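J.: Below you will find the structure I want to go over with you.
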Amino acid sequence: QEQLVESGGGLVQPGGSLTLSCAASGRLFRNYDMGWYRQAPGTQRELVASITKGGSINYGDSVKGRFTISRDNGKKRVYLRMNNLKQEDTALYYCNGKLWPHDYWGQGTQVTVSS
């Protein structure tokens, strides 16, 4: 069983930056493909960024060039550095971990971009 706990969300002005952190509890973290997703009210959950156990990275089109995903297997954490934040980045951000057949989700951390 893997537990994921997000932190680092908050209120930030447009153009600002935040770093989200996801802490995992299980022993097999280094074997998980990890990702960040987000969901704004009235919309579907969408992929923000993902990083495989081997380090391959993928970004959603709307965040390319602004967000950076990374992982620290020793600390069992995955991070999302968000720069040049826009109002449309406002959403509940979820951490996800996949290791077939398991698919784990955190409870989410709110990011609000507003002046």
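The values are calculated or read from the model by the stated rules, or taken from the named source; none is laboratory data. Not measured: the values here are computed from a predicted model. Backbone-built Cβ (ideal geometry, glycine too); neighbour counts: all protein chains shown. Ligands, DNA and RNA are excluded from the accessible area calculation, which covers all protein heavy atoms including side chains. Shrake-Rupley method; radii C 1.70, N 1.55, O 1.52, S 1.80 Å.
J.: Conditions first: (1) in contact with a Gly (Cβ under 8 Å, 6 or more places away or on another chain); (2) under 15 Å from V5 (Cβ atoms). D33 passes all but one, so which condition is the exception?
T.: (2)
J.: If you scan segment 84-97, which residues turn out to be open to solvent by 10 Å² or more (accessible area, probe 1.4 Å), of a type outside the set (D, E) and over 20 Å from M34 (Cα atoms)?
T.: N84, K86, Q87, T90, listed by residue number.
J.: If you don't mind, another one. Restricting to strands (runs of 3 or more DSSP E) lying wholly in segment 1-98: which have 1 or more residues that are β-branched (V, I, T), more than 17 Å from V113 (Cβ to Cβ) and free of Cβ contacts under 8 Å to residues at least 60 places away in the same chain?
T.: Details: elements: 4-7, 10-12, 18-24, 33-39, 46-51, 57-59, 67-72, 77-82.
Output list reads 46-51, 57-59, 67-72, 77-82.
J.: Could you please find all residues in segment 27-81 being at pLDDT below 95, open to solvent by 30 Å² or more (accessible area, probe 1.4 Å) and of a type in the set (F, W, Y)?
T.: Within segment 27-81, none qualify.
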